[in-house]
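Data block below; observations after.
The values are calculated or read from the model by the stated rules, or taken from the named source; none is laboratory data. Because the structure is a prediction, the values reported are computed rather than measured. Backbone-built Cβ (ideal geometry, glycine too); neighbour counts: all protein chains shown. Surface areas here come from the heavy atoms of the whole protein model, side chains and all, with no ligands, DNA or RNA. Shrake-Rupley method; radii C 1.70, N 1.55, O 1.52, S 1.80 Å.
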Amino acid sequence: MIYLLLFLLSAGLNILVGLHQWPYVLAGNLQDPDSYMRLLRIEQGIRAGHLVTTVAGGQSGAGVMVEWSRLLDMIIWLLAAPLAPFLGWHKALFAAGVALGPLGVGALGTSLAWAVEPFALRRHLWAAAAAAALLPAMASIALPGVVHYHVALLVLIALTAGCVLRALREDTWFGFLAGVFGGFAIWMTPETMPFVLFAFAGLALRWLYAPNANTLLAVAAGCFDVLGFGFFVDPPAGGYGVPEIDRLSYVYVSMGLILLASAALLLRVQARSKRWRGPLGLAVMGVPLLGWIIAFPGVIEGPSGLLPHNQAAAFFSQIIEQQPPRRLELIVFLLPGVWAVLYAGWRVWRESKPEAVNLEGDLFLAAPVRIPLAWAYITFCAAIALALGAGYLLFTSFSALFATALLPVALSRIDAAGGALAMAKRIALLALVLLCPLLAAHGAKPSTMATTGRKHLSCSLHNIGPLLAQAAGKVVLAQPEDTPELLYRSHILTVGSLYHHAIAGFMRDRAAWRSTPSTTEPVAVAATKASYVLFCPKPGRYALVADLPPVTLWDALEKGKKPVWLRAVGHNQDGWTLYKIVP
């Protein structure tokens, strides 16, 4: 019953946090380009009779291979299927996508509370459920109309960690479940792999003090089973032999196989080696994994390693989530993670004192004397998450995840320690972790005033369909970040997009906007095969041309000085103008 209430608390707070966004979403809008691309890909798959990886219409008609696995697509399809007979697939998928936010946050709050329940008083579990919905680093990826995997991967990481903590008592069933949830997390996206392996490594540390080869084998078996099944039903677009590092492929299945083989060998080490059992076992588990990383170095580099340096710099500079947090964003997104690192570090020091009372029992690594080691490892993992968040907005939710999980633990510690100031300490802690980021987020909201003094229209794409009807089936040069919504709302073909497997289209799109207007169509524009250009003036200078003098095609259109090879053929009330390219 308590977990149902926690689910409702997290889901309800998610709805309330996004209250001002609901009218916009219920009018038929989503929050970001990836959300449109996700629903478009699923809908195209339904029409094709199977879920797809390549979205038709991008790259001047060649299509855009979107690297996401199809696991979340399957979940959304299942949510939409009961509604499809009544609403049609288009509206049913939209409804399922919108429902994903509250459902996902409800599951996140519940899974985090369950994960830390052995170390927290039940009356404080609500703090994890509330923080999952309120912390900006997680609330921002679960706004109404965000249809993506970010919340789902946090749920899977929380479940993996919760099962690992219970498997520390040699519970092989929880070990197997830890492997299963970890496998699903990697299938969802390899972004989760470091934290899945960190969770598994907690059991490897346990090996130093107790023979737990059976549990480690169960973990490896669960992980390999899911990765193997996922690879079979959801291979890369290029087939089973393509070594993709940004989605499930044989790269990660081989990792699962290495884990399984190492754990099986560990059984022999456990049975035959006594004196050198600990370090030898770590070598058996660690050396093959190191060899795997050497064989696939792109796993460490991530998606940026897939592109030449000059293309990667141009491409990733256009993606907000790939930028580091700045100014007030440091408080908004990183303050809870900083607290998590400091709190875990303080627990290392506190539990090292001889007179320390072991409030968590003997679960951490199986004996009270080893509590400091467990907290040291948590500090290390939380610090890694914080460092990633400091480098990329995309990863700030990972450090917030640690804060959310540790919050009920810290509140319970205050209760157990007692004292006249216990209530004041709890209030101060909640204010620091929950209230300060929210206040900073309010102060960090960007101004909506134009920097040029010119009045700009909304540039909303909600009603773009009628304007683009005359360009149906033709290539339209537009800003690459608008491609998903344009494909979702019309029948045109676009040039570039912000998906790195479509880098060629992005570079052509970028070159076209950066070209210098002339009396004839520039070579860069002709290379896009575009028949039309779609433009809407916006405040500030466009990032794709910001490093150039203001003499580009974008600048000319922004000033209302269209080149002679363009003829305006349509305009709408939101500020969009459609130009036809003429000889």
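Quick notes
- Relative packing of peptides 385-391, 119-125 - highest average C-beta neighbours within 10 Å first: 385-391, 119-125
- Both numbers refer to the Cα atoms of the chain; Rg and Dmax are 25.9, 86 Å.
- Simple label model, 7 Å out from Cα along Cβ direction - Ala431 to Leu290, nm: 4.9
- Extension gain from Asp574 to Ala527, taking 0.36 nm per residue of separation minus the Cα-Cα distance: 14.0 nm
- 16 Å cut-off, amide nitrogen to a point 7 angstrom out along Met193 Cα→Cβ, residues in the range 242-266: 242-260
- FRET efficiency, Val582 to Glu321 (Cβ-Cβ, R0 30 Å, nearest 0.05): 0.20
- For the range 262-279 and the range 522-583, distance of Cα centres in Å: 67
- Here the chain has 68 percent of its accessible surface on carbon and sulfur atoms, given a 1.4 Å probe and all protein chains in place.
- Protection proxy ranking, peptides 97-106, 402-411, 41-50, 2-11, average beta carbon neighbours within 10 Å, highest first: 402-411, 97-106, 2-11, 41-50
- Nitroxide proxy distance, nm - points 7 Å out along Cα→Cβ at Leu87 and Ile300: 4.6
- Gain in span if fully extended, Leu342 to Arg122, counting 0.36 nm per residue against the direct Cα distance: 76.8 nm
- Contact order relative to length of the range 148-306, as percent, for alpha carbon pairs under 8 angstrom and 6 or more apart: 20
- For the range 464-581, the relative contact order works out to 25 percent when only alpha carbon pairs closer than 8 Å and six or more residues apart are counted.
- Take each peptide in 458-464, 81-87, 322-328, count the other Cβ atoms within 10 Å of every residue, and average; sorted highest first, the result is 458-464, 322-328, 81-87.
- Rolling a 1.4 Å probe across the protein heavy atoms gives the range 174-323 an accessible surface of 42 Å² per residue.
- Partnerless cysteines, meaning none of the other Cys C-beta atoms lie under 4.7 Å away, in the chain: Cys163, Cys223, Cys381, Cys436
- Charged-residue dipole, Cβ positions (Lys, Arg, Asp, Glu), the chain about Cα centre, Debye nearest 20: 500
- Annotation for Tyr3 and Ala283: the two label points, set 7 Å from Cα along the Cα-Cβ direction, are 4.2 nm apart.
- Our summary gives the chain a relative contact order of 15 percent, counting only alpha carbon pairs under 8 angstrom and 6 or more residues apart.
- Relative to the longest principal axis of the Cα atoms of the chain, the long axis of helix 213-233 makes an angle of roughly 20 degrees.
- Diffusion of the range 148-306 by Stokes-Einstein, at 37 °C in a medium of 0.692 mPa s and with Rh set to the Kirkwood radius over alpha-carbon pairs, works out to 209 µm²/s.
- Subtracting the Cα-Cα distance of His462 and Leu438 from their residue separation scaled by 0.36 nm leaves 5.6 nm.
- Surface analysis of the range 50-136 yields an accessible area of 35 Å² per residue, using protein heavy atoms and a 1.4 Å probe.
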